[in-house]
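First comes the structure, then the notes that go with it.
The values are calculated or read from the model by the stated rules, or taken from the named source; none is laboratory data. This one's a predicted model, so the numbers in the text were calculated from it and none came from an experiment. When we count neighbours, we look across all protein chains shown, and the Cβ atoms used for this are built from the backbone with ideal geometry, even at glycine.
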Amino acid sequence: MINVKILTGYPEMFPGGLAHSLMGKALKENIFKLETINLHDFGIDNRKSVDDEPFGGGPGMILRPDVVEKALLSVSNNINTKSTKIYLTPSGSLLNQKKLGILAKLDEIIILCGRFEGVDQRAIDVLGFEEVSIGDYVLAGGEIAAQVLLEGCIRLIPGVLGHPESLLEESFSNNLLEYPHYTRPKIWEDSLGNKYDVPEVLTSGHHSNIKKWRQDKSVEKTKKIRPDLYSKKEQEQD
Ligand code: SAH
């Protein structure tokens with residue numbers, strides 16, 4: 001079981017998407033436990049502020065380090081669990097499938113969600129948060145990013161997916177994007193009367209030809225859409 005602790009100013013955004021489908025089932029079955037810690041409970045002064053203006057000027061508000069520390073101390077018991085602390089930020093290292101696999105083996109994940117301009121850097125450095133980004137774009141807050149990270153991570157825990165073998169061939173598992181899929185009807189007639197068949201090999205029943213076709217399509221797609229990933233694949237083979 002993974003204990004997930006989320007430090008956020010918007011606890012009502014959880015479990016959000018994690019309450020549904022496979023994640024909802026995993027949550028009910030205690031494959032992971034989700035606890036939210038409301039940063040506003042640790043706000044200072046009589047206004048219970050959690051953020052303040054940036055030193056040096058500029059727009060927006062920054063989450064205060066003392067507030068983050070108090071919130072963290074309320075949940076972190078520092079006993080010898082396999083635990084990590086993550087601050088979600090566009091200026092962190094880019095999340096990938098390999099990293100999700102590492103996170104899926106931990107006992108505890110503590111996630112700090114930022115809002116507005118971000119978090120005081122001292123809180124990140126001193127309290128030992130690893131900075132992780134979910135992609136090269138900017139969201140308004142870390143809450144959705146936390147759900148993205150957790151969904152990607154939890155589906156890797158044994159027992160969560162109905163067909164665990166789907167993890168073996170899926171996109172990124174070996175620096176390739178997955179091959180295209182087809183299902184019934186075999187001949188699909190669209191609303192304009194055009195007919196579209198599925199690639200013949202897939203209905204041939206010839207397993208080694210199907211395997212080869214899928215491998216070729218995977219390579220073709222990766223070269224076209226993600227040349228960066230394909231060059232990693234080539235380096236791996238060298
Ligand atoms: N001023 C920051 C952006 C802040 S966005 C910058 O330029 O880097 C506000 C919050 O949204 C961040 O603190 C972070 O928690 C979250 N966030 C936004 N984009 C994200 C991304 N790509 N990955 C992870 N978290 C993100």
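If you take just the strands (runs of 3 or more DSSP E) that sit entirely in segment 82-192, which of them hold at least 1 residues that are of a type in the set (Ser, Thr, Tyr) and within 15 Å of the ligand (Cβ to nearest atom)?
Hits in segment 82-192: 83-94, 130-133.
Output the number of the condition that residue 201 fails; it satisfies all remaining conditions of (1) within 29 Å of residue 91 (Cβ to Cβ); (2) at pLDDT 95 or above; (3) away from the ligand (no atom under 16 Å from the Cβ).
Among (1) within 29 Å of residue 91 (Cβ to Cβ); (2) at pLDDT 95 or above; (3) away from the ligand (no atom under 16 Å from the Cβ), residue 201 violates only (1).
Confirm whether residue 208 is among the small types (Gly, Ala, Ser), in a loop (DSSP other than H, G, I, E, B), at pLDDT 95 or above and surrounded by fewer than 13 Cβ atoms within 10 Å (Cβ to Cβ).
Criteria not met by residue 208.
Please enumerate the residues belonging to segment 48-73 that are surrounded by 14 or more Cβ atoms within 10 Å (Cβ to Cβ) and assigned to a loop (DSSP other than H, G, I, E, B).
50, 54, 61, 64
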